[in-house]
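Following: one structure in structure tokens, then a few remarks.
Just so you know, all these numbers are worked out from the coordinates, no wet-lab data involved. Quick caveat, the model's predicted, so the values are computed rather than measured. Ideal geometry is used to build each Cβ from the backbone, glycine not excepted, and the neighbour counts take in all protein chains shown.
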Amino acid sequence: MADIKSVGVIGAGQMGSGIAHVCALAGYDVFLNDLDQARIEAGISQIEHNLARQVHRGLIDDAAMKAALGRIKPASLEAVAGSDIAIEAATENEETKKAIFRSLLPHLGPNTLLASNTSSISITRLASTTDRPERFIGLHFMNPVPLMKLVEVIRGIATDVATYETAVNFAQSLGKTTTNAEDFPAFIVNRVLVPMINEAIYTLYEGVGTVESIDTAMKLGANHPMGPLELGDFIGLDTVLSIMNVLHEGLADSKYRPCPLLVKYVEAGWLGKKVGRGFYDYRGDVPVPTR
């Protein structure tokens, strides 16, 4: 099995910065890349903020925070490609992800492992765009990465045993619990979770309940920590729609048809908490339902 000492992360958004955070805290050298230098700087700033919160809560000490920050370096694609494992954490769009892996290919070391943090897209298809499908794996971290314990590990049809075992050991070295998922659309978590969110949006669309009544019903009636519409806003409604489209196209079952209201919100640019408005308006002191 490969000895992983350095980790490349492509994408410095919420997921990529979270992955960089936990890898650096676990002692790995991290090379963080994004299309825009400003995004890398914003990602590192967010990591510093989240580490400081962990210090405040007594989860880590100040020395661990400083050491972790010292391990994270802004990096070019060439530097990322030279790491022991390169993890793609870009937007949930298949063509974008494939383009990233193609751009890495000329710079990859012979033993570099490739991983995608995709939450729904076929690992086999992504791996087929590279020169090493046997050394390609899905590592689906949950959001927010520093807090959530699970990593789904997904093998493509060509992924070899050594790559799988290395990926499992790597994820567990980050303090995560791993679960194996087969390479079917949306894997396990999102195969179950995202259709529930979509159904909640249908419930709103059909007038069965309001935003507030639906979320309250699921929090108090099903003991969910967050209502499904609030959760959709937290994930990002564009991501929810993307996953529903993957399920609908990949499984050809009408039960996975995205709700028209979800489509309309995404078309309006009301993508949830990250833009200040989704099923709730977050621009004031207290979130207010938008319907």
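Alpha carbons only, please: Rg and Dmax for the chain, in angstrom.
Both quantities, over Cα of the chain: 19.2, 56 Å.
Would you report the distance distribution of C-alpha pairs in segment 191-289 as whole percents per 5 angstrom bin, up to the bin with the largest distance?
Calculated P(r), rounded to whole percents: 3, 14, 25, 26, 20, 9, 3, 1, 0.
On a 0 to 90° scale, report how tilted helix 94-104 is relative to the longest principal axis of the chain, with both axes built from alpha carbons and the result rounded to the nearest 10.
Roughly 10 degrees between the two axes.
Give me the distance in nm between label points sitting 7 Å out from Cα along the Cα-to-Cβ direction at Met148 and Ala79, one decimal.
2.8
Send over the semi-axes of segment 1-64's equivalent ellipsoid, whole angstrom and largest first, taken as the square roots of 5 times the C-alpha gyration tensor eigenvalues.
In descending order the semi-axes read 20, 17, 8 Å.
What is the extension gain from Asp281 to Asn223, computed as 0.36 nm multiplied by their sequence separation minus the C-alpha to C-alpha distance, in nm to one decimal?
Gain on stretching Asp281 to Asn223: 18.5 nm.
Taking segment 18-155 as the region of interest, what is the percent of Cα-Cα pairs per 5 angstrom bin, listed from the shortest bin to the one with the maximum distance?
Taking all Cα pairs of segment 18-155, the binned fractions are 2, 10, 19, 22, 20, 15, 7, 4, 1 percent.
Kirkwood-based Rg over Rh for segment 154-205 (C-alpha set), two decimals?
Reported Rg/Rh, Kirkwood definition of Rh: 1.17.
Tell me the angle of helix 14-25 to the major Cα principal axis of the chain, expressed in degrees between 0 and 90 and rounded to the nearest ten.
Here the helix axis deviates by roughly 40 degrees.
How would Met65, Met142 line up from fewest to most surrounding beta-carbon atoms within 10 angstrom?
Numbers: Met65 20, Met142 16.
Fewest-to-most ranking of Met65, Met142: Met142, Met65.
At what distance in nm do the modelled label points of Asn180 and Glu249 sit from each other, each positioned 7 Å from its Cα along Cα→Cβ?
2.9
Measuring from a point 7 Å past the Cα of Lys264 along Cα-to-C-beta, which residues in segment 205-243 have an amide N at less than 11 Å?
205-207
Restricting to DSSP loop positions (anything but H, G, I, E, B) with no more than 15 other Cβ atoms inside 10 Å of their own Cβ, which trypsin sites (Lys or Arg not before Pro) remain in segment 177-269?
Within segment 177-269, no trypsin sites (Lys or Arg not before Pro) qualify (loop, at most 15 other Cβ atoms within 10 Å).
What 222 nm value per residue comes from the helices of the chain, counting each DSSP H run with n ≥ 4 as -39,500 (n - 2.57) and dividing by all residues, nearest 500 deg cm²/dmol?
One gets -14500 deg cm²/dmol as the mean residue ellipticity at 222 nm.
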